[in-house]
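Below is one structure, written out as structure tokens, with a few remarks after it.
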Amino acid sequence: LGEKEAELSDEIEQLLTTLPKVKNWNGLELCQYQGFWCGSRYLRGMIKFQRHFEAQHNDIILATFPKCGTTWLKALIFTIANRSKYSLDNSPLLSQCSRELVPSCDQDLFMRDPLPVLEDFPKPRIFATHTLYPSLPKSIKNSNCRIVYICRNPLDQFVSNWKFMLRIRVPNTEPISIDEAFEMACQGKQSFGPIWEHVLGYWKASKEEPHKVLFLKYEDLKENNKFYVKQLADFIGYPFTEDEEKQGKVEEISKFCSFDNMSNLEVNKNGEYFKEIKNDIFFRKGSVGDWKNYLTPSMSEHLEKIIEEKLSGSGLTF
Ligand code: A3P
């Protein structure tokens, strides 16, 4: 490691000893940094991302709150932006999970040593992040790159995350109960939470700079996918031509990236993600309103009330 990197590692280890910590839903450690909660093992990646990522003019940054549709939007943006390079029959998504093709800065690229070399990353460079808007690297804000953000109804996000965390929990540890996880979610204690801070940061940015930040909701994409495939293509600078539209390209891409198609691909059923996580963990139900099967009316009312209060005056509702 270079001297600078070693110094930074020391600095982060030192910082970690000073941060407030709680046990995360999966049994690992969650620490509070710059006003939000972050898995301690990801903090290193995040700080290195903040300090060393150099955005380029045509980069596409996909920012998401965990369990809000990251895997789906990765597939959509990758497919839209690379459609002149690969036909759908030849898509790299047939053999690699979208999470590999569009790596996460804070959770993959900058987590490992040494610092990643990204200058030659295939163009257009598409990177993902869960980092909150105020904590993004300056170069993302100052360059001309585009940010696409997706969020989701916090009740569905909660259930999705609880199910996910149960699957990736520390081996041989007690599974966290839904009540305990819910209590923590209501206090904002989950990876990259509080969710209301996360969505508000990107929501405000999208209002201030609509050409720079596109704010999407999972439910809208589910309901009117073709409309959003077109909107995404326009926003990232790869609009569909009239001919493409006539040929049904928009619909083809929408179907190709759909939950039914993606979750049934062999790579996503049985493949592994960096030999640590099975890809099927990212495909559970893919539906809207599944929270009704898990939350009691008093739980849902409680979280809805918190979200309503936190978002009041912003113009954003779920
Ligand atoms: P559920 O757990 O509710 O099923 P992320 O990718 O941000 O981790 O989010 C995961 C959620 O997105 C999971 O929700 C997963 O099933 C859903 N998902 C994954 N791929 C999808 C797709 N192509 N279309 C719709 N939802 C998808």
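The values are calculated or read from the model by the stated rules, or taken from the named source; none is laboratory data. On a predicted model such as this, the values are computed, not experimentally measured, just so you know. Neighbour counts run over all protein chains shown; Cβ positions are idealised from the backbone, glycine included. Note: accessible area is taken over every heavy atom of the protein model, side chains too, but ligands, DNA and RNA are not part of it. Shrake-Rupley method; radii C 1.70, N 1.55, O 1.52, S 1.80 Å.
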query = Ignoring ligands, DNA and RNA, what percent of the 1.4 Å accessible area of region 227-274 is carbon and sulfur?
reply = 47 percent
Cβ crowding within 10 Å averaged over residues, with 194-201, 132-139 ranked highest first = 194-201, 132-139
query = Where Lys and Arg each count +1 and Asp and Glu each count -1, what net charge lies around Lys4 among other residues with Cβ under 14 Å from its Cβ?
reply = -4
key: In sequence order, calculated HN-Hα J values of region 140-156 (Karplus, 6.51, -1.76, 1.60; Hz; x Gly/Pro)   = 5, 6, 7, 8, 8, 6, 9, 10, 10, 10, 10, 10, 8, 3, x, 6, 5
GNM result for the chain, Cα springs below 10 Å: residue of Ile178, Ile150, Ile80 fluctuating most strongly = Ile178
task = Starting at the first residue of region 44-50, write each ³J(HN,Hα) from the Karplus equation 6.51 cos²θ - 1.76 cosθ + 1.60 with θ = phi - 60°, in whole Hz, x for Gly and Pro.
result = 4, x, 5, 5, 5, 4, 4
ask   = For region 1-154, what % of the accessible area comes from carbon and sulfur atoms, probe 1.4 Å?
value = 49 percent
ask   = Once the dipole of the chain is set up with Lys and Arg at +1 and Asp and Glu at -1 on Cβ about the Cα centre, which of Phe282, Ile236, Pro297 lies farthest towards its positive end?
value = Pro297
ask   = In terms of Cα to Cα distance under 17 Å, which aspartates and glutamates are near enough to Lys230, apart from those fewer than 8 places away along the same chain?
value = Glu219, Asp220, Glu242, Asp243, Glu244, Glu245, Glu251, Glu252
ask   = Which percent, nearest 5, of DSSP beta bridges in the chain are antiparallel?
value = 40 percent
query = Along the charge dipole of the chain, which of Ala205, Leu132, Cys151 sits closest to the positive end, that is, farthest toward it, with unit charges on the beta carbon of Lys, Arg, Asp and Glu (+1, +1, -1, -1)?
reply = Cys151
query = Using a Gaussian network model of the chain with C-alpha springs under 10 Å, which one of Pro297, Pro175, Pro124 is most mobile by mean-square fluctuation?
reply = Pro297
request  = With +1 on each Lys and Arg Cβ and -1 on each Asp and Glu Cβ, and nothing else charged, work out how big the dipole of region 136-290 is about its Cα centre, in Debye to the nearest 20.
outcome  = 380 debye
request  = Measure off 7 Å from each Cα along the Cα-to-Cβ vector at Glu180 and Glu308, then give the distance between these two points in nanometres to one decimal.
outcome  = 3.1 nm
Pairwise centroid distance, computed over Cα atoms, of region 196-212 with region 91-117, Å = 25 Å
inquiry  = Need one number: nm distance between label points at Phe227 and Leu16, each 7 Å from Cα along Cα→Cβ, rounded to one decimal.
reply    = 4.6 nm
inquiry  = What's the magnitude of the charge dipole for region 202-284 around its Cα centre, counting Lys and Arg as +1 and Asp and Glu as -1 at the beta-carbon? Answer in Debye, nearest 20.
reply    = 300 debye
message = If amide hydrogens are placed 1.01 Å from N in the peptide plane, which non-local residues have theirs closer than 5 Å to the one on Phe192?
response = Trp37, Cys38, Gly39
query = Could you give the length gained on full extension between Arg51 and Ser298, defined as 0.36 nm per residue of separation minus the Cα-Cα distance, in nm?
reply = 84.6 nm
query = Taking Cα pairs under 8 Å and at least six residues apart, what relative contact order does region 249-314 come out at, in percent?
reply = 17 percent
key: Options Gln247, Thr18, Ser314, ranked by Cα towards positive dipole end of the chain, top entry (Cβ charges)   = Gln247
query = Along region 243-257, what does the Karplus equation 6.51 cos²θ - 1.76 cosθ + 1.60 (θ = phi - 60°) give for ³J(HN,Hα), rounded to whole Hz, x for Gly and Pro?
reply = 4, 4, 5, 4, 6, x, 4, 4, 5, 4, 5, 4, 5, 4, 8
query = What are the lysines whose alpha-carbon lies under 18 Å from the alpha-carbon of Lys204, with same-chain residues fewer than 8 places away excluded?
reply = Lys138, Lys141, Lys212, Lys217, Lys310
remark   = Projected convex hull area of the chain, Cα atoms, direction-averaged, in nm², equals 16.7 nm²
request  = Could you give the size of the charge dipole of the chain about its Cα centre, using +1 on the Cβ of each K and R and -1 on the Cβ of each D and E, expressed in debye and rounded to the nearest 20?
outcome  = 180 debye
query = What residues have an amide H closer than 5 Å to that of Cys151, excluding those fewer than 5 places away on the same chain, when H is modeled at 1.01 Å from N in the peptide plane?
reply = Leu216, Lys217, Tyr218
